[in-house]
Structures are given as C-alpha cells and as structure tokens.
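Just below is one structure, and these are the notes that go with it.
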Amino acid sequence: MIIIHSIYVKPHDLSDKNLFVPGLVCDCIYDKDGTYHPCEIEKITEEGYHIKFQKYHTQEIVPFCFLKIRKSNYLGKRDVMSGDQTEFILPDNLRVKPNDSEAQRLQKRKKVKNLKRRFKMNLIEKDNKLKKQSWCNFNKKAKRKRRGYFAINKQK
C-alpha cells in the first residue's frame, strides 16, 4: 500500500476517468519522492490503474487520484498545435483568480497572449498548407491533361 501526503494529491472530477485509457502517457505521483513523473497506463482493473514509470521502468498499481493529464497533452507545442482545434481553449492554471497578486496576473496574461499568438500562427500555417496542397493537386491534374497538346512553330 502506498501512502502519500494529501498535499500532493489533487481530486479529479469523475468525468475525467474517461480520459485515462490504456496507452495514455500521463503524470503520476512517484511514492519515493512524492512528485509527479511521466508514466504510461498499461491497463485498468478494479484494483486501480496499472502504470509503468518511463524514467524508472517500474510498474505500480495506483488509484485514480494519483494521476493527472500531462501539460504537453493539452498545452504543449507538439500535441495541441498539431491537433485539429478550431478554437483556443484557455487552460485552468492560466485563469486569473481574485486572490492572485498583480505580478501573477501579469505573468498569466503574458503566457495567455503567447499561447494565443502561437495558436493563431498555427492556424494560419495549417490554412497555408491546405492551400498549397490544393494548388499542387490542381497542378498535377493540369499536367496530365496536357498530353495531347502540340506546339506550333512559327516560320519566318
């Protein structure tokens, strides 16, 4: 049985259970140091979640409350920016709270502005790729249709 102090554990909504499926790379509390480390969910049973830590290559059975979604799954450059999102979703950790200091508010605003800029640039880049691909497809069809044409040489 693993015993972790309650300050390390953040309760989840039960609706989040659907997000944690076998094969998902997420973060889990490592019992030796009490901090989150990357792990992969191998299977889900009545005992709990069978996970394997990527760094330590150890397998453990942990309850649902020890798991959390990795930031890179919804915030990182690779995952979100390569996904098919059509609207910007503000992460919960960047929402301005009434008890935040002015410095924290300013820092959160800067991060949100940077994320929105990256998101917008990514949408523009995707649109440009689609236009380029469309033009390449059109050009390829046009080259196939030119087979029967002939050029007229002008004689002097």
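First select every other residue whose beta carbon is under 12 angstrom from the beta carbon of K97; then total the charges, Lys and Arg +1, Asp and Glu -1. Cβ neighbours under 12 Å give a net charge of +1. Exposure proxy ranking for F138, F64, based on other Cβ atoms within 10 angstrom of each Cβ and starting from the fewest, stands as F138, F64. Each label point was placed 7 Å from the Cα along the Cα-to-Cβ direction; for Q133 and R105 their separation is 4.4 nm.
Please find the FRET efficiency linking R70 to K141, where r is the Cβ-Cβ separation and R0 is fixed at 35 Å, and quote it to the nearest 0.05.
0.20
Calculate, in nm to one decimal, what R95 and E125 gain on full extension: separation in residues at 0.36 nm each, minus their alpha carbon distance.
Full extension from R95 to E125 adds 8.1 nm.
Bear in mind that the values in this text are calculations on the coordinates, not laboratory data. Owing to the predicted nature of the structure, the values given are computational and were not obtained by experimental measurement. Neighbour counts are summed over all protein chains in view; Cβ atoms, including those assigned to glycine, are modelled from backbone coordinates with ideal geometry.
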